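> Before I ask anything, let me first share the structure, which is written out below as structure tokens.
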Amino acid sequence: MAWNRLTPAGRILAVLLPVLAIGGALTTVLLATFGGAIAATIGANLPIVRFLVASVVTFLISVPVAFLLIYMEMKIIALMNLRIGPDRIGPAGAVMSVVHGLKVLMKEDYTPPSVDVPVFTLAPVVVYLASFMTLLVIPFAPELTSMGFELGLLYFFAIGGLSVVGLMMAGWSSFNKYSLLGGIRAAAQAISYEIPLTLSVVGIVILTGTLSLPKIVAAQDGSFLDWFIFRQPLAAIIFFIAITAEANRTPFDNAEADQEIVAGFATEYSGMRFGFFFFAEYVNVFIVSALFSAVFLGGSNPPIHIDVNPQILIDLSALGIGLPLIAGIAPIVGTLLFAAPIWFASSRVKGWQALVAGFLIFGGVSTAAVGIWAFVMLPPVASLIWFLIKTFALVFTFVWMRGTLPRARIDQLMGFAWKWLLPASLLNIFATAFAVLIAGR
Amino acid sequence: MTQQMRPSLDDPRVAIPADSTWYEPAPSPQTERQAEFLTLREGEMFVNMGPQHPSTHGVLRVIIKVNGEKVVDLDPVLGYLHRGVEKLCENADYHQAICYTDPLEYVSSLFCEAAPVAAFEKLMDVDVPRRAQYIRVLTMELNRIASHTLFQGWMALDLGGITPILWAFIERDEIVDMLAALTGQKLLYNYYRIGGVNGDLNHEFMSRLGTWMSRAAAQIDSNLALINENEIFVRRTRGLGVLDAKTALKMGVTGPNLRASGVPFDLRRDRPYLVYPELEFDVPTRDEGDSLARYLVRMDEIKQSIRIIDQVLHEMPDGPVMAKLPRLLRPRPGRAFGAVEGPRGVYGTYAISDGTDQPFRMRIHDPSFVHLQLVGPLTKGNLIADTMAVMASLDPVMGGVDK
Amino acid sequence: MDRRLAALLQETFGERLLAPVRQRYDESEIRIALKDATDTLRTLHDHPALRFEMLIDLCGVDTGEEMQVVYHLSSSKSGDWLRVIVSGLDRSAPRIASATFMWPGAEWMEREAYDMFGIIFEGNRDLRRIYMPDDYRSHPLRKDFYLADDASRSPAAGVRNMERVGTPADATAATVLRKSPGV
Amino acid sequence: MPRIPGSGLLSGMRLTLTRFFQPKRTVMYPEAKPDIAPRNRGRLELVTDEHGTLKCETCFQCAQACPIECIDMGGTDTKGRFAVHWGPAEQYAERREESAIRRSGRTVSDAAAATGATIDIAKVDEILEAHDYDPHHMLAILEAIQGAYGYLPVDALKRVSRATGAWYAMVYGTATFYKHLAFEPGVTRSIAVCRCANCLVSGAGAVMGTLSYEFGTEFGRAIPWSNLRLESLPSHVAGAPSPLVVIDGEPQRDLSAKNAASWAAALAGRYAA
């Protein structure tokens, strides 16, 4: 038979091509028939569609963000330890965390006997869900906010607090005393620090009169002196300490203190279920950093507004059929253009080496050109970059703290929250309210 | 489906499947104390730590009875690293026995060999050449620094700081490499011989020592700055596990742990051996007796050790490093106790000779063994996290404890 | 080392000493009988001129004919070290009063001596095995404990158990015990 | 001196940030070899002089002094036939006994040290003679001894060790490694087939199939109607005939896939209880 003589690739093609052809035809027919109705439905339910798209995109970006943060943590702490850290996989070891993720995927997913199976299985899902759901309200840029609804801040605290439920579930269901201790520590700590966390932003809510994160960011428009970190410094300090505890980061990582309770709630987890906890932790770090930069560091606002307004308008549609041609030819011409001087400059450089170098240079130059153009011309890009710079500066601070500080003891930690942070945040609220009253008169 | 159930030995109120035995320690009490320990009151449970646990400093198993996070009682279980060194030494001749004592305490093995060598030299009335004595002092002090820097790292690690241990290992690695250039080995030096040392100082060692000395003090000081004044570290250790002088003496505590309680007991000064009487150094003591004091006393000792090394390098005489001895050593029947002041306390060896070429009995006393007894009394009433801090501050090494 | 210490000890204990006080290098040594052990230790601890308050080491010794318990004490008054040898414990059933009433730190060292020699310290609250597993039957440091030799070298070659209680069947008393009565 | 709260934390943070930019101390091991001092004695090796001859004069002092006996000396004689350990074969036995006495820490009487020959050692000598006292044929020797006695007596093993110069540990190890060699007179009789690659290629699989079919049981199980067991051997020495089938401790050299069925029938008759 002809089938037997086909290579594997050929077999795949032989199956795919008819399927694609039939599927394409059917889709065309369906679109032609019901297209108007579908478009009308989408148009009528735009918020729902927008929500679905936003959640999918949010879910998808959470994984690379976690990979990036894990790599940052490995590398930065290594450098602070006077080590080199990951350096083998990818440039400067950058792909190391992805490989870790793959390793976690491939490991045995072991469910110990005598655990409470449904709860044990659901716990990592709940934790991960809680952390990436909060990503929805992060205002990356004025135009790039997934769900900029009015109760954003409240939603954030509510959903963020939900991850404790997952940790408790993990701790309880594991049938392990370390897990139990870890889960209960996590719950106690999160509940204690929720209060100063929430109270510390009340001052800002009083000042701005809104709970919507994009509006809070918009309220900090102007120079960097308008940022709330300078207008509410006490709140910023309290908030920073509280989010450190919320994200279970050193010096408040008691829930998984490996010197004391091995791995806390995650002790009995292995494989990808452990991976979910691990990812959720780093997504959490990213989220709390983003929140801090949105609320206190002006979010997507640049520190100083420089009013340069170069109009680099490129009307791509004017090119007509020339656009695909240019898009096809430009890389080849550019590569040759950059390769030629290298090849002519030295006789030791082989042709292919010059070509590769030319391609890389062309890639760099064109990316830079497009990037600069986008930064200048597209406000969301500039805003996003400012936002990410601030966020990652905070992430760096978190990693830096992890590289420096020892762990606080659980009772000192709780005492600190109740005895110091809570009164301080209340004081901040009263001071702000008083100031608003005075100024308002 | 009815499954046979039975009450858990761990907590009698919990019913578990009758055929499951694997998650319970299930010990049967053998003594009064153990029976008391195994009785659980309302709200208490056992938490088993070790033999594989991130902060038990080796293969130590600690059964902790907790009430919530509060430690009610604890029972260390030893023997996971027991090698029967004393018995092996009884079946080896005097030279070979020294080799067995090396791996007892892998963090500071020079002290472990210094003690039996001292005992054997007393048995055989050997005079050690002065140069060899200076070399011994030099290498022992280097080893003390290596041990204390490592202690600093471990202490911080047990309290959750991950950086100091790696900085500490940089210092320790340099010392270890230096000693390897002198003795030939990195961990189990086997360098001291009855009547001297195995090999004179060489150029390799001296050049490494010189470069290290030129920056050691500053580097160690700068490492200390990371946690010595750190509020979190200080708050976690100050007032924790307070050991007063009287209890310390009764418990047989020696070394920095005793000096942190205010008793200036240091063999190097109180019962001088080698050339220590000729050297000038202080015995740092503190009165608090808490974990922080134990930590700080060790850090002060590093500075004194550097001072001693400096003096030794200046005053080292020329001469042989080995006394003239017969190949086969048959000391007269007798008894001797050799003791040295190590980084953890008194390392002692009680050797009995019966006139043959093998020790009749060789008793090895290790300070960590005594100090580990204190973990229970010092942590009662504190939190689980404090157990780690107290254990780290006592600085036991399981290789020495388990012999 | 204090030469007067010998005279003082001789004067204090007099007839209790089984042998004259020996002093060599920086160690003094007295030897007492089993029945005097507790009293002697208490006197050494409390006597205003002696004050041997620190227990440096406690260990058992099997001489092949009898058991001994050896205490190394350090004086907080003069800094002298003293070795107290309590001899005359029965090899087949060694018993002695515990020193934990005075030095709580002796508890584990007594446990070790119990584990290694089978010496029973009366009054130790926690006298159980410390190194060997609970179900272990013999006491490894006794002189009649046959060291399991390398399988290739020993005359019985590789078929010997690690743990053997009592004397091997194929050995005569003279061949097994390495005795040192003078110790 | 009152201090600002948090200043200790900040100074620590400053220190880590300085270290962040300092040169790193990692030794990139496989690429960069560590700097090892010339005095390092991490590895034992034989030293040669400038003419290329070994400096070691085989005085055995190092081997005797080594407490954990990790130094071992051995080789073959000039004809490449006899294995030599700790010197010439005739000396070796003496030295070994001496070492044993020394290490066991007690004096051993002559009577206790002498090997009590409880078996007729002549058969062992014959077998050894047939194999030219060559320790390289250890498996064949042991199989032959097992054939002669039905099991491996300890005295015979000692004799083998003494005569071939192989360490007792080696003999003992060889004997314990192969399942078909027994130390006690057989109680359970067994039919064992080797399952190494060599044997499987030359038909062990067919033999196993035939036997399990004929006896009506699986490998690793006892045969219900007799005291016979079917077993599979994990490995097999190179050069021995294949497939290696061991019946009742006796290696069968002429059993193959073709005649397995008739063998099984014969065995069934022989062992029927």
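Nothing in this text is a laboratory measurement; each read-out follows from the coordinates by a stated rule. Keep in mind it's a predicted model, so treat the numbers as computed, not measured. Here the Cβ positions follow ideal geometry from the backbone for every residue, glycine too, while neighbour counts run over all protein chains shown.
> I'd like the trypsin sites (Lys or Arg not before Pro) in the range A:1-106 restricted to DSSP loop residues with at most 10 other Cβ atoms within 10 Å, sorted by number.
Answer by residue number: A:ARG88.
> Order of A:MET106, B:MET124, D:MET208 from fewest to most other C-beta atoms within 10 Å?
Placing the least packed residue first, the sequence is A:MET106, B:MET124, D:MET208.
> Calculate the mean, over all residues of peptide B:81-88, of how many other protein chain Cβ atoms lie within 10 angstrom of the residue's Cβ. The partial results should precede the final answer.
Working: counts 1, 6, 1, 7, 0, 5, 7, 3.
Counting Cβ atoms of other protein chains within 10 Å of each residue's Cβ and averaging gives 4.
> Explain nothing, just the number: dipole magnitude of the range D:123-177 about its Cα centre with +1 on each Lys and Arg Cβ and -1 on each Asp and Glu Cβ, in debye rounded to the nearest 20.
240 debye
> List the lysines whose Cα lies under 21 Å from the Cα of C:LYS143, skipping any in the same chain that are fewer than 8 positions away.
Result set, ordered by chain and number: B:LYS87, B:LYS403, C:LYS179.
> Pop a pseudo-label 7 angstrom from the Cα along the beta-carbon direction at both A:PHE59 and A:GLU108 and give the gap in nm to one decimal.
Simple spin-label model gives 3.0 nm for this pair.
> If one takes the longest principal axis of the Cα atoms in chain A, at what angle in degrees, from 0 to 90 and to the nearest 10, does the Cα axis of helix A:271-295 lie?
80 degrees
> Taking chain B as a Gaussian network, where each spring joins two C-alpha atoms under 10 Å apart, which residue of B:LEU188, B:LEU328, B:LEU226 fluctuates the most?
Checking each option, the largest mean-square fluctuation is seen for B:LEU328.
> Turning to a different aspect of this structure: Comparing B:LYS324, B:LYS122, B:LYS380, which has the greatest mean-square fluctuation in the GNM of chain B with Cα pairs linked when under 10 Å apart?
Looking only at B:LYS324, B:LYS122, B:LYS380, the biggest GNM fluctuation is shown by B:LYS324.
> Net charge around B:ASN67, counting only other residues with Cβ within less than 12 Å of its Cβ (Lys, Arg = +1; Asp, Glu = -1)?
Net charge in that neighbourhood comes out at 0.
> State the answer as a single residue: which of B:CYS112, B:HIS148, B:ILE302 lies farthest towards the positive end of the charge dipole of chain B, with beta carbon charges of +1 for Lys and Arg and -1 for Asp and Glu, about the Cα centre.
Of the listed residues, the answer is B:CYS112.
> For a quick check: sort C:GLU112, B:GLU204, A:GLU143, C:GLU15 by the number of other beta carbons within 10 angstrom, fewest at the front.
C:GLU15, A:GLU143, B:GLU204, C:GLU112
> Report, in debye and to the nearest 20, how large the dipole of the protein assembly as shown comes out about its Cα centre when Lys and Arg carry +1 and Asp and Glu carry -1 on their Cβ.
1560 debye
> Turning to a different aspect of this structure: Using only Cα atoms, tell me the angle between helix A:117-133 and the longest principal axis of chain A; keep it within 0 to 90° and round to the nearest 10.
That helix lies at roughly 80 degrees to the long axis.
> How do A:239-245, B:260-266, D:42-48 rank on mean C-beta neighbours within 10 Å, highest first?
Going from most to least packed, we get A:239-245, B:260-266, D:42-48.
> I've got another one for you. Hey, if you put +1 on the Cβ of every Lys and Arg and -1 on every Asp and Glu Cβ in chain B, which of B:MET5, B:VAL370, B:ILE16 ends up farthest toward the positive end of that dipole?
Sorting the options by dipole projection puts first B:VAL370.
> Tell me, Kirkwood radius of the protein assembly as shown from alpha-carbon pair distances, in Å?
Every distinct Cα pair counted, the radius reaches 37.5 Å.
> Ignore the peptide's own chain and count Cβ atoms of other chains within 10 Å of each Cβ in B:357-363; give me the average, rounded.
Numbers: counts 1, 4, 0, 11, 11, 2, 12.
Per-residue shielding by partner chains comes out at 6.
> Another question about this same structure. Using only the Cα atoms of the range D:123-177, build the gyration tensor, take square roots of its eigenvalues as a ≥ b ≥ c, and label the shape rounded, prolate or oblate: rounded if a/c is under 1.5, else prolate if a/b is larger than b/c, else oblate.
Since a/c stays below 1.5, the shape of the range D:123-177 is classed as rounded.
> May I pose another question? Determine, at each q value in 0.07, 0.10, 0.11, 0.13 (inverse angstroms), the log₁₀ of I(q)/I(0) that the Debye formula gives when each Cα of chain B is one equal point scatterer.
Here the Debye-derived log intensity ratios amount to -0.36, -0.70, -0.83, -1.10.
> Here's another thing I want to ask about it. Kindly provide the chymotrypsin sites (Phe, Trp or Tyr not before Pro) of the range A:35-124 that DSSP labels as loop, not H, G, I, E or B, and whose Cβ sees at most 13 other Cβ atoms within 10 Å.
A:TYR110
> Further question: Would you mind telling me which residue in A:SER97, A:SER383, A:SER366 has the biggest mean-square fluctuation in a Gaussian network model of chain A, where springs connect alpha carbons within a distance under 10 angstrom?
Of A:SER97, A:SER383, A:SER366, the Gaussian network model singles out A:SER366 as fluctuating most.
> Please report, in debye to the nearest 20, how large the charge dipole of the range B:318-386 is about its Cα centre when each Lys and Arg carries +1 at its beta carbon and each Asp and Glu carries -1 there.
340 debye
> Going by how many other beta carbons lie within 10 Å of each one, how would you line up D:ARG195, C:ARG125, B:ARG363, fewest first?
Exposure proxy ranking, most exposed first: C:ARG125, D:ARG195, B:ARG363.
> Using only Cα atoms, find the angle between the long axis of helix A:233-246 and the longest principal axis of chain A, and express it within 0 to 90 degrees, rounded to the nearest 10.
Compared with the principal axis, the helix lies near 80 degrees.
> Mind checking which of B:LEU78, C:THR63, A:ALA257 is farthest towards the positive end of the protein assembly as shown's charge dipole, using Cβ charges of +1 (Lys, Arg) and -1 (Asp, Glu) about the Cα centre?
Toward the positive end, the furthest listed residue is A:ALA257.
> So which lysines can B:LYS324 reach, going by Cα to Cα under 16 Å and dropping same-chain residues fewer than 8 places off?
B:LYS122
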